[in-house]
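Only one structure is covered here, and it is reproduced in the block below.
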Amino acid sequence: MDSIPLLDLRQQYQALAPELVPQIEALLASGYYIGGTAVQQFEEAFAQFLGSGSPTPLEVIGCNSGTDALYLALRGLGIQAGDEVLTSAFSFFASTGVISQVGARPVFIDINPQTFNLDPSQIARHITPRTKAIIPVHLFGQPLDMTAVMAIARQHQLAVIEDCAQAVGACWAGQTVGTFGEVGCFSFFPTKNLGAAGDAGAMVVRDPHLAKTLRILKDHGQSQQYRHEVVGINSRLDALQAVILSVKLRHLREWNGRRRSLADSYTHLLHGIPDLLLPSAIVGGNSVWHQYTVRILGDPTRRRDRVRDYLQRIGISSRIYYPVPLHLQAVYHPLGYQVGDYPEAERTAQQVLSLPFFPELTLAQQKRVASGLASAMQATTT
């Protein structure tokens, strides 16, 4: 019996090849590989995709990765040494690494265990005179309550940089995530709901002046060729990636809809398994289900890891996102964070397990995953 992968991009490529290959070949034949029409067309199409529900026009600025998008957003907003930036204690390291890269101090917020996202009710008590910005993360495709976040940010005059790496197309209160704050940052890493064939990313802004600043920063700090106003970086979106993303963007709504159906199916199939907590979409939002992540109760890390090992032995892939919360990463030991500072993030890191999840996943495969997980949970009760 074939194993069930966590993700299978080959199926996606095979389905898209008749549409994708001619456009890739045309781009290669053109000889224009950096910038140009391909990048501009993708930026415009992505702005239109995100613009539904947005109160003002959007400008999309392509860049090299989602990490670069976050870093450039901080630079563009003037965040620097001595400043503090709030973000989730439970996320991929890029969400906080960029804060350190600009010389600022990351200040973590504990999460809501039902959504995996930072808990807005915990934000205010972490704000100090040095706090300049907040990076809310829309984790696993689940939108954060941006109404609450923006109210706090405006009250305290904080810039908002949305980390939408895993949530392209998700909505809160009818508005697409990435369009609430000063900058929305997106990753198009191949495993994302909208994935390139390598690293790629984008920033979304409304303020034309900020957009101009970000375009300068991502191109060696030059406003025109060989005229450098600031020290920037080289973070351009390759034309080849733009072509691939433009093709895939046309299918994104369908894929996200399929993900929602798969999530509903998993929830039905897994319902009632003892010691298994299932994810659910936040009320008021529209998740795009980047991952389907369950929580395994019982003896914390050891049981979760034994369940994962059991699944692996029977040919079912799974993955732990993320086993060590950010405040306990070795690089942040000098900041003085301790075990117990963010109990929900720490507990979640010991329990989470993400199951196979991609639009081409079949019901038969889901039934096999559900049966295997039920067996794994039963086998690890002691």
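Cross-link partners among aspartates and glutamates for LYS192, C-alpha distance below 15 Å, same-chain residues fewer than 8 apart left out? Filter leaves ASP8, ASP163, GLU254, GLU360.
The residues of the chain expose on average 43 square angstrom of accessible surface per residue, using a 1.4 Å probe on protein heavy atoms.
Below 8 Å, C-alpha to C-alpha, sequence gap of six or more: please give me the relative contact order for the chain in percent. Value for the chain: 21 percent.
Which of rounded, prolate or oblate describes the stretch 220-343 when judged by the alpha-carbon gyration tensor and an a/c cut-off of 1.5?
Judged from the Cα gyration tensor, the stretch 220-343 comes out oblate (a/c at least 1.5, b/c at or above a/b).
Between amide H atoms placed 1.01 Å from N, distances below 5 Å from THR176 occur with SER54, all of them 5 or more places distant or on a separate chain. Here is the list for the stretch 175-284: chymotrypsin sites (Phe, Trp or Tyr not before Pro) lying in DSSP coil, each with at most 10 other C-beta atoms within 10 angstrom of its C-beta, are TYR226.
Taking the DSSP bridge list for the chain and keeping only pairs wholly inside it, about 60 percent are antiparallel. Near GLY340, once Lys and Arg are set to +1 and Asp and Glu to -1 for all other residues with Cβ below 15 Å from its Cβ, the sum equals -3. For Cα extents along the principal axes in Å, computed directly from the structure shown, the correct entry in [x] 59, 43, 39; [y] 66, 55, 36; [z] 101, 41, 34 is [y]. A simple charge model with +1 on the Cβ of Lys and Arg, -1 on the Cβ of Asp and Glu and nothing else charged puts the dipole of the chain at about 400 debye relative to its Cα centre. Inter-part distance, the stretch 288-309 to the stretch 350-369, computed on C-alpha centroids, equals 12 Å. Largest GNM mean-square fluctuation among GLY340, GLY169, GLY184, using the chain with Cα springs under 10 Å: GLY340.
When +1 charges are put on Lys and Arg Cβ atoms and -1 charges on Asp and Glu Cβ atoms, the dipole computed for the stretch 1-74 relative to its Cα centre reaches about 40 debye.
For the chain, which whole-number percentage of the solvent-accessible area (1.4 Å probe, protein heavy atoms only) is attributable to carbon and sulfur atoms? If you can, show how the numbers build up before the last one.
On the way: 8560 of 16440 Å².
The value for the chain is 52 percent carbon and sulfur by accessible area.
Shown is the FRET efficiency for ALA17 and PHE93, computed with R0 = 45 Å from the Cβ-Cβ distance and rounded to the nearest 0.05: 0.85.
Quick check: with the 1.4 Å probe, what order do LYS212, LYS248, LYS132 take by accessible area, largest first? Kindly include the intermediate steps, with their values, before the conclusion.
Numbers: LYS212 130, LYS248 20, LYS132 80 Å².
Sorted descending by solvent-accessible area, the residues read LYS212, LYS132, LYS248.
Tally Lys and Arg at +1 and Asp and Glu at -1 over the other residues with C-beta under 12 Å from the C-beta of PRO5: what net charge comes out? Don't skip to the end; give the middle numbers.
Details: positive: ARG10, ARG319; negative: ASP2, ASP8, GLU360.
Net of charged neighbours comes to -1.
One Cα centroid belongs to the stretch 34-87, the other to the stretch 175-248; the line between them spans 5 Å.
Taking a straight line from the alpha carbon of LYS248, these aspartates and glutamates sit under 13 Å away, with near neighbours fewer than eight places off in the same chain left out: GLU19.
The values are calculated or read from the model by the stated rules, or taken from the named source; none is laboratory data. Every value quoted in this text rests on a predicted model; they were computed, and no experiment measured them. All Cβ positions, even for glycine, are placed from backbone atoms using ideal geometry, and neighbour counts span all protein chains on display. Just the protein is used for accessible areas: all its heavy atoms, side chains included, with ligands, DNA and RNA removed. Shrake-Rupley method; radii C 1.70, N 1.55, O 1.52, S 1.80 Å.
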